[in-house]
1. Under 1.5 on a/c is rounded, so check that first for the range 151-192, then, if it is not, pick prolate when a/b is larger than b/c and oblate when it is not; a ≥ b ≥ c are the square roots of the alpha carbon gyration tensor eigenvalues.
2. Excluding Asp260 itself, calculate the net charge of residues whose Cβ lies under 15 Å from the Cβ of Asp260, where each Lys or Arg counts +1 and each Asp or Glu counts -1.
3. Using a Gaussian network model on the chain with a 10 Å cutoff between Cα atoms, which of Gly33, Gly135, Gly264 fluctuates the most?
4. Would you mind counting up the charge near Val191? Only other residues with Cβ under 12 Å from its Cβ, with Lys and Arg at +1 and Asp and Glu at -1.
5. Express in nm, to one decimal, how much length is gained between Asn109 and Leu45 on full extension, taking 0.36 nm for each residue of separation and deducting their alpha carbon distance.
6. For the range 123-179, what is the charge dipole size about the Cα centre, in debye to the nearest 20, if Lys and Arg each add +1 at the Cβ and Asp and Glu each add -1 at the Cβ?
7. First select every other residue whose beta carbon is under 10 angstrom from the beta carbon of Leu269; then total the charges, Lys and Arg +1, Asp and Glu -1.
8. Hey, in the GNM for the chain with a 10 angstrom Cα cutoff, which one of Ala28, Ala203, Ala171 fluctuates hardest?
Amino acid sequence: MNFGVVAIVGTGLIGGSIGLGLKERGLATTIIGVGYRKVSINKALKINAIDEGTLKVEDAVKQADIIILATSVNLIPEYAKKIIPLMKKSAILTDVGSTKDYIVSQVNNEIKSTCDGEKPNFIGAHPLAGSEQRGIESARPDLFEGSVCVLTPTSLNSKKSITRLSNMWKALGAKISVLTPSKHDEVLALVSHLPHFVASSLAGVIDEKHWKFAASGLRDTTRIASGDPDLWLSISKQNKQEIIKALKCFSKEVEGTINDLEKGNDKKLLGRLTKAKTVRDKKKWK
């Protein structure tokens, strides 16, 4: 299985791991990395995550069979606008952003307004893998092994392109889940975006002088609060309403816990703790 020439725009943790995974498995003829700074391209070349590197997205996408936008979510529509007129008709444009409704609508609107005849294929994707760390230094070829990659195709996409992109992610070790862009955002607000804001809030309410008493519990609970603040601000803007709904849902649960504590309702409190443990213990982590 070979996916031809693959252009990866953004050679950080996710983009670099895609490149490493493709190369290790012999899944691409050539991998071209597109970076904002020459130093990032050089790092990607050094660890063999890409075969070629450029600072000009135009030079990479004209020859690419698959183009992957692995930048922060706020830059994806902007890059897509530049790339769409330059794509080969048979090429697939995709992304790895953790929001989908805004990105897919923006990119598809651009395709509808600027492209006549056969439309280019943009298929939103979100590999549910990674860490709070960023940068090519943290990239690894097995990052997606056993993970889930969500695809959010629309009526503009051909079945052939959807199958091809699915096969690429499967070859990298991921399991495929297909959702609408809006459903993706609803689900991810609960399982990804909410945990980040909860962890961030928890880290924020603890006085700095008390951290010397913290052990692994607090360390593990607040780990994701170390994520890039600018990246999370962009996510919060693009998935604002779903994040607010998730936070309100969490707030309601916290209020219920406070109420049980104040009233000394041990039965209800035990029920909350038991339910949480049961649900958490059912999850099989990779």
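The values are calculated or read from the model by the stated rules, or taken from the named source; none is laboratory data. Worth saying up front: this structure is predicted, and the values here are computed from it rather than measured. So basically every Cβ, Gly included, is an ideal-geometry build from the backbone, and we count neighbours across all protein chains shown. Surface areas here come from the heavy atoms of the whole protein model, side chains and all, with no ligands, DNA or RNA. Shrake-Rupley method; radii C 1.70, N 1.55, O 1.52, S 1.80 Å.
1. Working: a/c = 4.32, a/b = 1.34, b/c = 3.23.
Taking the square roots of the gyration eigenvalues as a ≥ b ≥ c, the range 151-192 is oblate.
2. On the way: positive: Lys252, Lys263, Lys267, Lys268, Arg272, Lys275; negative: Glu253, Glu255, Glu262, Asp266.
Neighbour charge sum, excluding Asp260 itself: +2.
3. Gly264
4. Working: positive: Lys283; negative: Asp185, Glu186, Glu242.
Cβ neighbours under 12 Å give a net charge of -2.
5. Values: separation 64, 0.36 × 64 = 23.04 nm, distance 3.47 nm.
In short, 19.6 nm is gained.
6. Numbers: 7 positive and 4 negative charges, 75 e Å.
So the magnitude is around 360 debye.
7. Details: positive: Lys263, Lys267, Lys268, Arg272; negative: Asp260, Asp266.
That works out to +2.
8. Top of the fluctuation ranking is Ala203.
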